[in-house]
Amino acid sequence: MEHFTENSKGVARRKYLTRRIRRFVVVLSLTGLIAIVFLRGSLSIIAQNYSEIVNEGYTNTEYVRAVDRDLYHHQVLVTEHLITSSPQEKEKLEKQINKLEEHMQQVLKEFGTNMKGHRYESYYHSIYSDIRAYLKNVSIIFDFSRNNDTETAAYYMDTSLGDYIDTVNQKVSEFEQLTSDDMSAARDKLNRNTLFVDIGSYILLFFILSGSFLGLMVCFRMYAEIVYTDAVTGAANYDRFLEIGEKYSHSGTLSEYAVLSPNIKDFKYMSSVIGTNGEEAVLTEYASRIVGFLEKGEVLARINNDNFIALIKKDRAEKILEHIKNMPVTVTVKNNDKKFAIQSRCGIYLAEDGDSISKAVNRAVSAMEESRKSSASDFVWYTHELLDKEKNDGEVIADFRYALANEQFKVYYQPKVDLDSQLLCGSEALARWIRDSKTVPPAKFIPILEEKGYVTELDFYVFEQVCKDIARWKENGIEPVRISVNFSKLHLKNAYFAEDIFEIMQKYGIESRYIEIELTESSGYEDFDAMTKFVDRMQNNGIYTAIDDFGTGYSSLSMLKDMDINVVKLDKSFLNGLENTVTQKVIGNIIKMITDLNKLVICEGVETEEQAAFLRSVKCRTVQGFLYDKPLPCSEFEERLKNPKYTGRLQD
Ligand code: C2E
Ligand code: MG
Ligand code: MG
């Protein structure tokens, strides 16, 4: 895509947005995850807290229950002690009571340690003091009992011991109740918090997932757009076009469409005037004007440079061509509004059943290329003749190398004649392809070879044949004339063009005075520098250079002024309309100007005595044309060399 590698603002913005969204998704996920971890962490602290409360509650409940049990048991033993009259029994019971008291003391001690600093510590103290008071009373009862005052002992038993036990019982159950309340409160809190954390986590998870999903969807969408968008114009790119085309082709609907290949005329020239930025602006504006005209299902894409391709419904093709034909486009370049009436050329192919999209595109593009080659029409519809031509072009390319290797190309020589002396004064070497015993003229293969770049091989082949012929003529004592050889402008891209010429001349020992190099002027200004340098090198080595077909292409006076060429060949079209005096004056003056610049003028295509007479009258000394000779095979030209005087009219 040459210098159009930069992204358009739209694509750059989308890329920027996708980066932002990706960052947002990452940040969202991370914060969400951190929040979940935090929530889960605080939940585990709450759970730990709860389990501590529960454990403590159970332990304390166990203690008070043990105390209660011991107390109850103690009271039973004390009662039995009172009732029994057997001293052995009393002794046994006393031992049991003491043991129980010890156990009770032990439990109370542990309970006391556990309750230190506990919010219900007062319960412990109260139970403890009640038990102490109980035990004190028990020892009083034992005293009465030992003194056989069983009545007072029984009275104490009923009153104070029972009271103490009741109070302890009551405090124990109160304590149990409080502990159980605390435990269920802790459980409720834990349940609540667990629910809160669960819901919170799910909500967060939901947000993370939906946020990420949404972000990724938007990213994917934008990426898809980037992948399918032309970076310069913002229209579809070629990949997108092919995808749509393939879809139509598979569904059998491609035949409802015409494939159009619009191209901006003189875009290179326009670029040189408005620069890269202006170029982009023109392409964008051009694309958007066509896109604005499209209907559902139709698509315009840019292939590269100023080459576009479109799928348009067949019944709308004419309408859109009318629209494209002359589109005024205004672009702002360096704060200046520039108006261009953009002219397009376009190839049109009406897709047929069974066509693949690439075939349809190739045909539309071939039609466009055809319009580029022939100036007859800017809008070329693909026809079956074009198909034949394409086939022929393909065959030329396929057979060329074989033909070259098998010497199917022959050099013909067309004499140049000095009008004053009527003598042969030079000749032009012209290629002929002898193919299947038929002579194929250059018009049938040179443009094709030129287009594919193969013509350079042919040119050097012709040049080498010419050098061989000159060397042979010299060897045979035939004095040669200066032979001009046509070289395509493509050679100017070869840095060793001049060296390659010198090398062949050296190989055959050819003096420079026998050689002239013809270059056409038609390919425009861009070769100017390379051509000037090449002409200078030839000049320095005494080799003539000629501008061929002068007056047909980008005739630039600076070519005559600044280039040190020796010969200017006026194109045969100059001789059209010679009966008109204005034309005569124009030609006369052009010839005068060129002669004044110390250059030789040759007029090509002289067919009549009248033309020759006119040229003589305007001091054009050298001519080439059917009036004297057609391009001759080598052997016939050799005869001309031996017999260089032209005496009569047209020679056959
Ligand atoms: P060109 O170099 O301008 O050659 C002159 C053409 O005018 C020749 O056509 C010649 O046969 C034709 N011609 C000469 N006198 C008359 C005339 O009185 N009347 C008419 N109607 N035509 C005349 P040709 O040989 O068909 O060559 C056509 C073009 O092909 C050449 O035009 C040249 O541009 C190109 N060409 C031929 N051989 C070569 C080659 O070896 N290399 C390259 N690069 N181009 C070649
Ligand atoms: Mg020529
Ligand atoms: Mg010519």
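The values are calculated or read from the model by the stated rules, or taken from the named source; none is laboratory data. No experiment lies behind these values; they were computed from the predicted model shown. No Cβ is skipped: glycine too gets one built from the backbone with ideal geometry, and neighbour counts run over all protein chains shown. Remember, those area values only see protein heavy atoms, side chains included, never the ligands or the DNA or RNA. Shrake-Rupley method; radii C 1.70, N 1.55, O 1.52, S 1.80 Å.
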- Item | Pick from the stretch 466-499, criterion among the polar types (S, T, N, Q) and within 16 Å of ligand 2 (Cβ to nearest atom), ranking: nearest to ASP527 (Cα to Cα) | SER488
- Message: Quick check on this structure: which one of ILE565, ILE590 is buried (at least 20 other Cβ atoms within 10 Å of the Cβ), aliphatic (A, V, I, L, M), away from ligand 1 (no atom under 13 Å from the Cβ) and in a loop (DSSP other than H, G, I, E, B)?
- Response: ILE565
- Residue check, LEU430 against (1) away from ligand 3 (no atom under 16 Å from the Cβ); (2) of a type in the set (A, V, I, L, M); (3) in the same structural domain as GLU604 (by TED's automatic domain parsing), all met but one. Which one? (1)
- Message: Being modelled with pLDDT of 90 or more and within 16 Å of ligand 3 (Cβ to nearest atom): is that true of VAL582 here?
- Response: no
- Query: What number of residues within the stretch 533-554 satisfy the criterion of being polar (S, T, N, Q), under 29 Å from PHE502 (Cα atoms) and outside any helix (DSSP H, G or I)?
  - Reply: 2
- Looking at the stretch 155-172, is at least one residue part of a helix (DSSP H, G or I), touching a Gly at 6+ places or on another chain (Cβ under 9 Å) and open to solvent by less than 90 Å² (accessible area, probe 1.4 Å)? no
- The residue that is farthest from PRO442 (Cα to Cα), considering only those in the stretch 628-646 that are buried (at least 18 other Cβ atoms within 10 Å of the Cβ), within 16 Å of ligand 1 (Cβ to nearest atom) and not aromatic (Phe, Trp, Tyr), is ARG640
- Task: Among the candidates LEU43, LEU93, single out the residue that is in contact with a His (Cβ under 6 Å, 6 or more places away or on another chain), among the hydrophobic types (A, V, I, L, M, F, W, C), open to solvent by less than 80 Å² (accessible area, probe 1.4 Å) and in the same structural domain as ASN137 (by TED's automatic domain parsing).
- Result: LEU93
- Task: Looking only at the stretch 589-611, decide whether some residue is within 15 Å of ligand 3 (Cβ to nearest atom), acidic (Asp, Glu), assigned by TED's automatic domain parsing to the domain that holds SER421 and under 28 Å from ILE470 (Cα atoms).
- Result: yes
- Item | Criterion (within 16 Å of ligand 3 (Cβ to nearest atom) and either under 30 Å from ASN643 (Cβ atoms) or in contact with a helix residue (DSSP H, G or I) (Cβ under 8 Å, 6 or more places away or on another chain) (or both)) met by exactly one of VAL485, VAL481, VAL466 | VAL485
- Residue that is nearest to HIS74 (Cα to Cα) [pool: residues in the stretch 175-188 that are touching a Phe, Trp or Tyr at 6+ places or on another chain (Cβ under 7 Å) and surrounded by 14 or more Cβ atoms within 10 Å (Cβ to Cβ)]: PHE175
- Item | Scope the stretch 534-562; condition of a type in the set (Val, Ile, Thr) and either at pLDDT 95 or above or buried (at least 20 other Cβ atoms within 10 Å of the Cβ) (or both); matching residues | VAL535, ILE543, THR545, ILE547
- Task: Examine the stretch 228-236 for a residue that is of a type in the set (Ser, Thr, Tyr), open to solvent by less than 40 Å² (accessible area, probe 1.4 Å) and without any contact (Cβ under 8 Å) to a residue 24 or more places away in the chain, and state whether such a residue exists.
- Result: no
- Query: Quick check: is even one residue across the stretch 268-281 of a type outside the set (D, E, K, R) and within 25 Å of SER358 (Cα to Cα)?
  - Reply: no
- When only residues in the stretch 568-587 that are farther than 15 Å from THR622 by Cα and within 16 Å of ligand 1 (Cβ to nearest atom) count, which is surrounded by the most Cβ atoms within 10 Å (Cβ to Cβ)? LEU578
- Query: Are any residues in the stretch 433-462 aliphatic (A, V, I, L, M), open to solvent by 40 Å² or more (accessible area, probe 1.4 Å) and more than 16 Å from ligand 3 (Cβ to nearest atom), and if so, which ones?
  - Reply: ILE434
- Message: Which numbered condition in (1) within 12 Å of ligand 1 (Cβ to nearest atom); (2) touching a residue at least 12 places away in the same chain (Cβ under 8 Å); (3) of a type outside the set (D, E, K, R) is the only one that LEU492 fails?
- Response: (1)
- Message: Cβ-Cβ under 6 Å, sequence separation 6+ or interchain: first residue in the stretch 269-292 and in the same structural domain as PHE241 (by TED's automatic domain parsing), partner open to solvent by 30 Å² or more (accessible area, probe 1.4 Å). Which pairs?
- Response: THR276/HIS3
- Item | Residue pairs meeting the criteria (Cβ under 7 Å; at least 6 apart or on separate chains; first assigned by TED's automatic domain parsing to the domain that holds GLU479 and assigned to a loop (DSSP other than H, G, I, E, B), in the stretch 495-521; second more than 16 Å from ligand 1 (Cβ to nearest atom) and among the hydrophobic types (A, V, I, L, M, F, W, C)) | GLY509/ALA471; ILE510/ALA471; GLU521/MET559
- Item | Which numbered condition ASN114 misses (of (1) touching an Asp or Glu at 6+ places or on another chain (Cβ under 9 Å); (2) at pLDDT 85 or above; (3) closer than 19 Å to LEU71 by Cα; (4) open to solvent by 40 Å² or more (accessible area, probe 1.4 Å)) | (3)
